[in-house]
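**Q** Before we start, here is the structure in question, set down as structure tokens.
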Amino acid sequence: MFAVGTNCRRISFRNYIYFASFLEMTEDEFIALVNQNIKNQTVDLVILLGLISLLAGLKAAAPDDDEEAIVRNQYKFLLKATDKLTDELMYFYKPTTPIDLIGGKGGIFPSIGLLNNYKKFFTNFLSENYGIITDNEEMQDDAKPIKYLMKSFPISSQAAGYLPMFYPELAKDLDIKVQSTYGIR
């Protein structure tokens, strides 16, 4: 409940949730609290604008296509990390965030993405084994069960994201690519 005194000198909030305690605050304390919140909001926005300009600068300084694979992968990783941090800070400022969370990877139930990785692992495993049995080299090369096995477990799924930065040839063999944007969009 919110009560304001007749001369606006005291503002009181009744807190019914925590043992019906009574919080008393003077007008000066309230104004100081509002000013502190405005300062914090300004700092957040300055950091956010700095990250957005860093993201724009990174996109403008993209490496050429003739660069080495490790340089391109490191650039994509840096771009992805900056994009992820910007998305984390934009969470409270962007009105479409709840829709992005529901409509993103896995939707309402993130475990569906994990089940999808298990399904892909199983189908790729069966395809590779069928290719071995029928002596079909193309089918063996197209199946990537190790990729989906790595994505099915917490630590190895994170390691799969770093693989193209440090071992680009192995990542190419496993068909693991670095995305330049964060995954919830």
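The values are calculated or read from the model by the stated rules, or taken from the named source; none is laboratory data. Note that the coordinates shown come from a computational prediction; the quantities given were computed from them, not determined experimentally. Reconstructed Cβ throughout: ideal geometry from the backbone, glycine too, with neighbour counts over all protein chains shown.
**Q** Tell me which residues, restricted to region 59-100, are farther than 14 Å from Gln179 by Cα, assigned to a helix (DSSP H, G or I), touching a helix residue (DSSP H, G or I) at 6+ places or on another chain (Cβ under 9 Å) and not hydroxyl-bearing (Ser, Thr, Tyr).
**A** Of everything in region 59-100, those that are farther than 14 Å from Gln179 by Cα, assigned to a helix (DSSP H, G or I), touching a helix residue (DSSP H, G or I) at 6+ places or on another chain (Cβ under 9 Å) and not hydroxyl-bearing (Ser, Thr, Tyr) turn out to be Leu85, Asp87, Leu89, Met90, Asp100.
**Q** Still on this structure, please answer the following. Suppose we filter Ala62, Ala69, Ala81 for residues that are touching a residue at least 40 places away in the same chain (Cβ under 8 Å), within 21 Å of Leu163 (Cα to Cα) and not hydroxyl-bearing (Ser, Thr, Tyr); which single one remains?
**A** That would be Ala69, the only listed residue that is touching a residue at least 40 places away in the same chain (Cβ under 8 Å), within 21 Å of Leu163 (Cα to Cα) and not hydroxyl-bearing (Ser, Thr, Tyr).
**Q** Within region 107-123, can you find the residues that are more than 16 Å from Asp175 (Cβ to Cβ) and among the aromatic types (Phe, Trp, Tyr)?
**A** Those that are more than 16 Å from Asp175 (Cβ to Cβ) and among the aromatic types (Phe, Trp, Tyr): Phe109, Tyr118, Phe122.
**Q** Right, here's the next one. Evaluate the following for Leu174: is it surrounded by fewer than 16 Cβ atoms within 10 Å (Cβ to Cβ), of a type in the set (A, V, I, L, M, F, W, C) and farther than 15 Å from Gln74 by Cβ?
**A** no
**Q** Mind checking whether some residue in region 59-72 is within 14 Å of the chain's Cα centre (by Cα), modelled with pLDDT under 90, of a type outside the set (Val, Ile, Thr) and over 23 Å from Phe153 (Cα atoms)?
**A** There is no residue in region 59-72 that is within 14 Å of the chain's Cα centre (by Cα), modelled with pLDDT under 90, of a type outside the set (Val, Ile, Thr) and over 23 Å from Phe153 (Cα atoms).
**Q** From the set of residues in region 50-64 that are farther than 10 Å from Thr86 by Cβ and not small (Gly, Ala, Ser), which is surrounded by the most Cβ atoms within 10 Å (Cβ to Cβ)?
**A** Among residues in region 50-64 that are farther than 10 Å from Thr86 by Cβ and not small (Gly, Ala, Ser), the one surrounded by the most Cβ atoms within 10 Å (Cβ to Cβ) is Leu58.
**Q** Which one is farthest from the chain's Cα centre (by Cα), of the residues in region 124-151 that are within 16 Å of Asp175 (Cα to Cα) and loosely packed, with under 15 Cβ neighbours inside 10 Å?
**A** Glu138
**Q** Restricting to region 118-167, name every residue that is charged (D, E, K, R) and over 24 Å from Asn73 (Cβ atoms).
**A** Result: Lys119, Glu128, Asp135, Glu137, Glu138.
**Q** Considering only helices (runs of 4 or more DSSP H) fully contained in region 110-185, which possess at least 3 residues that are within 21 Å of Lys80 (Cα to Cα)?
**A** So the answer is 145-151, 154-166, 168-173.
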